[in-house]
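The values are calculated or read from the model by the stated rules, or taken from the named source; none is laboratory data. Note that the structure is predicted; figures quoted are calculated from it, not measured. Neighbour counts are summed over all protein chains in view; Cβ atoms, including those assigned to glycine, are modelled from backbone coordinates with ideal geometry.
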Amino acid sequence: MARLLLLHTGGTLGMAPSGDPSSLAPGPYLDHVLERVPELRDLAELQVEVPFNCDSASMEPEHILGLASHIRSRAASFDGVVLIHGTDTMAFTASLLGFLLADLGKPVVITGSQRPLSYVRSDARENLVDAVDLATRGINEVGVVFGTRWLRGVATDKLSVHRYEAFDSPNLAPLAEIGMDLVIHPHAGKFERCMPNSVGAAFESNITVYRPFPGMHWELPSKGSRGVLIEAYGAGNLPMERKDLLSLLRHCREHLLPVVATTQCVSGSVDMEAYALGRALGTEGGIGAGKHTRWSALAKLGLLLGANASAETVREAFTKSWAGEPV
């Protein structure tokens, strides 16, 4: 029987109605889980650890870097890892861990729920069973299990606050689809792992993010900012006739700050050659993020800046897939 490490970091799934903090100790927590989902005993031998317990809205990059180190240090003793996580920042954690653990050689399956496991009507039971099942399959992926799909972490985004199908990977087909049968697709675990060795020790979070709207005033990046991420319109368009936007872009170029453009759209690609405004953004130094989600773009940019990468190195990185993310 497979031996799995079950890491609880917080979130809705593990919320206990009693609010008893002792229920989050590894022993009581596992007892609670097995009482609610006894069939897990038929799938794997579980060992529970609680690295921390916080609402995922309070998750910081330091938490995630610590998780990556913890998983890497413990992986040799287990066949796979299941990570219970809150839904609010799950896509960002999945993206960052997807890069950091792409070479782990074992499955890291991230899951959570829209309603607690203790509720009668909850998605937590199915999500947890599916996550444990997939973690026993030996597929080298960092992915999110939610609803009826297993999604590659570096391609995942949260789309709903109330539907049980809360996540999607808009530019990449699911790794698996879950119904009466568990259908694993051929591309699961099949991607080239090529994150630079110089990247991964640190994450630079001093990034200024812009989500434009018509009439927005373009202020210069915050003091100390190391880079800029713009969630542009459509295929990478911005109001390039705006003098304040041009001043911002020229300020970034003069101060060697990389400016990465993703899209506000749920799916599709930033193609800065598609329209005149996108071409103008490229002329002013903008870097198109292609098919990167907003979260994988932020994760990649923060890791690059954490390694003191130059703007040209950032530009090159967004043309390459590090861990199976669509580019």
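When every residue of the range 212-235 is checked against the conditions, at least one turns out to be under 18 Å from C265 (Cβ atoms), out of contact with any strand residue (DSSP E or B) (no Cβ under 9 Å at 6 or more places or on another chain) and assigned to a loop (DSSP other than H, G, I, E, B). Looking only at the range 230-247, which residues are surrounded by 22 or more Cβ atoms within 10 Å (Cβ to Cβ) and under 15 Å from T208 (Cα atoms)? Once the filter is applied, which keeps residues that are surrounded by 22 or more Cβ atoms within 10 Å (Cβ to Cβ) and under 15 Å from T208 (Cα atoms), the range 230-247 yields I230, A232. With respect to the conditions (1) surrounded by fewer than 24 Cβ atoms within 10 Å (Cβ to Cβ); (2) in a loop (DSSP other than H, G, I, E, B); (3) in contact with a strand residue (DSSP E or B) (Cβ under 7 Å, 6 or more places away or on another chain), G290 falls short on a single one, namely (3). Taken together, H32, H63 contain a single residue that is assigned by TED's automatic domain parsing to the domain that holds V144, farther than 20 Å from R152 by Cα and touching a Cys at 6+ places or on another chain (Cβ under 9 Å), which is H63. If you check L281, L301 for being in contact (Cβ under 8 Å) with a residue 60 or more places away in the chain and buried (at least 24 other Cβ atoms within 10 Å of the Cβ), only one passes: L301. Filtered by the rule that a residue be closer than 17 Å to L7 by Cα and in a loop (DSSP other than H, G, I, E, B), the range 80-129 gives H85, G86, T87, T89, L101, L104, K106, P107, G112, S113, P116, L117.
Taking first residues from the range 261-276 that are part of a strand (DSSP E or B) and partners that are among the aromatic types (F, W, Y) and at pLDDT 95 or above, no Cβ contact under 7 Å between residues at least 6 apart in sequence or on separate chains turns up. For the range 173-205, the set of residues classified as in contact with a Ser or Thr (Cβ under 7 Å, 6 or more places away or on another chain) and surrounded by 19 or more Cβ atoms within 10 Å (Cβ to Cβ) consists of I178 only.
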